[in-house]
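Chemist: My questions will all concern the structure given below.
Since every read-out is calculated from the coordinates, none of them should be taken as a lab result. The model shown is predicted, which means the values in this text are computed figures rather than measured ones. Cβ placement follows ideal geometry from the backbone for every residue including glycine, while neighbour counts extend to all protein chains displayed.
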């Protein structure tokens, strides 16, 4: 038997496995298996010595399968990027069997678009920081909800920082209706609980993680502190996986996903391609940058006059993401005068 290549079409509850011989393209094995590592490894075992490549489709739940295969001694695991894979042409019907063998065939031909296999040891801390971002969104939602309720019913406009400081006595002075008072108390209670857990996460992350060499210069960027620097560091991983600055800013969702020709819009791409946590980090950095940097604020104000505040924020975030790419790649400190010259 010649060299074998394995395609694994991964789903939420099962995986379709297709094994193909590299030279003859002969299909050696095809079957569906439950998402249990032992069962998948058992199916692969008779072919272990001849397997030269395994492709796993990059779905939301790829980690356990890729890690399990690597831990079992398969050092030829590849993660396929489904968003970049060319679809079948001239075929009206496809199914999981076709998908599995198509993945294997792309690997055989050497044209498989690959995703980044993020280091296993760094994923827990990265996921913890993602949980912080999740809690931050819910805290903001509760602040805005409480803020809106007060303004609708009383005409008072209280800033977000003021909402976070409200106590029960303050709410009694604002609301005379018991139902509104109860709703306000619930919002402030949830905000306090989320604040407590957000600070706990930050404490734990700072205890176990430091900004690594190569990323420490991110702290010199106006608007980026410890949490944002560590978020960027953990989400980026190896900066060398990005061929150029355009690839990086696109991955950060800091550029428009549109297709133009001769100045005319011809279509749009997938706006969800990329990393939403990096998008959040650079948008947060842009908010702080225009607060603490005169040059950044001047750039934002100029863009706001040309377009609108939302696009101006995104433009500043894009500018910071491009600067951070060179900072991480070349390991140099931030030069504000060069960015906003």
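Chemist: What distance in nm lies between label points placed 7 Å from Cα along the C-beta direction at residue 172 and residue 297?
Modeler: Placing both labels 7 Å beyond Cα along the Cβ direction yields 4.1 nm.
Chemist: Between residue 141 and residue 83, what's the calculated FRET efficiency when r is the beta-carbon distance and R0 is 35 Å? Round to 0.05.
Modeler: Values: r = 29 Å, r/R0 = 0.83.
E(calc), rounded to 0.05, equals 0.75.
Chemist: Can you give the extra length, in nm with one decimal, that the chain gains between residue 202 and residue 116 once fully stretched, where that is 0.36 nm per residue apart less the Cα-Cα distance?
Modeler: 28.3 nm
Chemist: Something else: What is the antiparallel percent of DSSP beta bridges lying wholly in the chain, to the nearest 5? Mind showing how you got there, number by number?
Modeler: Details: 19 of 28 bridges.
Looking only at bridges with both residues in the chain, the antiparallel portion is about 70 percent.
Chemist: So, one more: Could you calculate the FRET efficiency of residue 256 with residue 306 from 1/(1 + (r/R0)^6), where r is the beta carbon distance between them and R0 is 22 Å, rounded to 0.05? Write out the running numbers ahead of the final one.
Modeler: Details: r = 15 Å, r/R0 = 0.68.
Efficiency for this residue pair is about 0.90.
Chemist: I would also like to ask the following. Quick check: the distance between the Cα centres of the stretch 89-142 and the stretch 288-322, to the nearest angstrom?
Modeler: A separation of 32 Å, based on Cα centres.
Chemist: Grab the Cα-Cα distance for residue 329 and residue 48, subtract it from 0.36 nm times how many residues apart they are, and report the gain in nm with one decimal. Walk me through the numbers before you get to the answer.
Modeler: Working: separation 281, 0.36 × 281 = 101.16 nm, distance 3.85 nm.
So the chain would gain 97.3 nm between residue 329 and residue 48.
Chemist: Sticking with this one: Please work out how much length the chain gains when fully extended from residue 159 to residue 212, using 0.36 nm per residue of separation minus the C-alpha to C-alpha distance, in nm with one decimal. Mind dumping the intermediate values first?
Modeler: Details: separation 53, 0.36 × 53 = 19.08 nm, distance 3.67 nm.
15.4 nm is the gain from fully extending residue 159 to residue 212.
Chemist: Evaluate the distance, in nm, between pseudo-label points positioned 7 Å from the Cα of residue 75 and of residue 63 along their respective Cα→Cβ axes.
Modeler: In this crude spin-label approximation the distance works out to 2.5 nm.
Chemist: Once you have a ≥ b ≥ c as the square roots of the Cα gyration tensor eigenvalues for the stretch 216-339, tell me rounded if a/c is under 1.5, and otherwise prolate or oblate according to whether a/b is larger than b/c.
Modeler: Working: a/c = 1.83, a/b = 1.18, b/c = 1.55.
Because a/c hits 1.5 or more and a/b fails to exceed b/c, the stretch 216-339 counts as oblate.
Chemist: Counting alpha carbon pairs within less than 8 Å and at least 6 residues apart, what relative contact order, in whole percent, applies to the stretch 4-117? Please list the in-between numbers first.
Modeler: Values: 189 pairs, mean separation 37.8, N = 114.
Computed value for the stretch 4-117: 33 percent relative contact order.
Chemist: Any idea what the relative contact order of the chain is, in percent, if you count C-alpha pairs under 8 Å spaced at least 6 apart? Before the final figure, lay out the partial values.
Modeler: Numbers: 444 pairs, mean separation 41.9, N = 341.
Computed over the chain, the figure is 12 percent.
Chemist: Let me ask something else about it. Shape call for the stretch 58-148 from the C-alpha gyration tensor, a ≥ b ≥ c root eigenvalues: rounded (a/c under 1.5), prolate (a/b greater than b/c) or oblate? Show your work: numbers first, answer last.
Modeler: Working: a/c = 3.61, a/b = 1.72, b/c = 2.10.
The shape class here is oblate.
Chemist: Here is a follow-up. Given a Förster distance of 35 angstrom, what is the FRET efficiency for residue 34 paired with residue 273, based on the Cβ-Cβ distance and rounded to 0.05?
Modeler: Values: r = 30 Å, r/R0 = 0.87.
Result of the calculation: an efficiency of 0.70.
Chemist: Okay, moving on. Considering Cα pairs under 8 angstrom that are at least six residues apart, work out the relative contact order of the stretch 97-243 and quote it in whole percent.
Modeler: After rounding, I find 26 percent.
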